[in-house]
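Notes follow the structure.
The values are calculated or read from the model by the stated rules, or taken from the named source; none is laboratory data. Keep in mind the model is a prediction, meaning the values are calculated, not measured. Cβ: placed from backbone, ideal geometry, glycine included. Neighbour counts: every protein chain shown.
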């Protein structure tokens with residue numbers, strides 16, 4: 001959708017056009033700069049919604065293995081047990097999710113993001129779970145001292161990508 005209204009600044013109109021032009025459906029469509037952003041980012045934001053459509057967005061640690069994104073339900077302090085967390089309940093009720101990986105800069109010419117739409121499932125064990133735990137421990141030293149290998153893991157299968165920003 002490229003429609004704009006008079007209330008939008010010309011810079012924001014350009015932003016909307018760039019986003020519309022950057023839609024991609026496969027990882028092979030992603031540029032090296034988008035893949036680099038995914039690889040080096042330390043934080044993403046996970047969006048889920050319950051069956052009534054109530055959105056829920058939280059910051060998460062993640063890894064990408066070239067096919068799936070993984071985010072652990074780690075041992076950082078939480079108000080409830082892992083299976084009762086809102087993100088876990090939401091994803092069990094409604095597997096549709098989005099993950100935003102972004103780069104912010106005070107120089108707005110350097111802004112960038114990758115928006116990943118996908119389907120999620122919760123892993124409790126298995127080869128994919130173990131591989132994700134190993135990758136997460138390589139990326140985040142804090143996980144080397146946590147039992148993420150025995151805790152639930154969110155697996156996201158991307159179905160659509162949007163990349164916007166400076167390479």
All but one of (1) farther than 27 Å from residue 28 by Cβ; (2) without any contact (Cβ under 8 Å) to a residue 60 or more places away in the chain hold for residue 147; which doesn't? (2)
Condition test on residue 167, is it within 25 Å of residue 32 (Cα to Cα) and modelled with pLDDT under 90? yes
Residues being more than 15 Å from residue 65 (Cβ to Cβ) and crowded, with 19+ Cβ neighbours inside 10 Å: count how many of those fall in the range 121-147. 1
Residues of the range 100-119 that turn out to be surrounded by 18 or more Cβ atoms within 10 Å (Cβ to Cβ) and within 11 Å of the chain's Cα centre (by Cα), as a count: 6
Quick one: in the range 75-98, which of the residues that are closer than 13 Å to residue 152 by Cα, at pLDDT below 90 and within 16 Å of the chain's Cα centre (by Cα) is surrounded by the most Cβ atoms within 10 Å (Cβ to Cβ)? 87
Read through the list (1) modelled with pLDDT of 75 or more; (2) within 18 Å of residue 156 (Cα to Cα); (3) surrounded by fewer than 17 Cβ atoms within 10 Å (Cβ to Cβ), then give the number of the only condition that residue 68 fails. (3)
Can you tell me which residue among 101, 148, 156, 122 is modelled with pLDDT of 95 or more, in contact with a helix residue (DSSP H, G or I) (Cβ under 7 Å, 6 or more places away or on another chain) and closer than 24 Å to residue 85 by Cβ? 101
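Taking the range 40-53 as the region of interest, how many residues are over 20 Å from residue 161 (Cβ atoms) and surrounded by 11 or more Cβ atoms within 10 Å (Cβ to Cβ)?
Here is the first cut: in the range 40-53, the residues over 20 Å from residue 161 (Cβ atoms) are 50-53.
Going one step further and asking which of them are surrounded by 11 or more Cβ atoms within 10 Å (Cβ to Cβ), we end up with 50.
The qualifying residues number 1.
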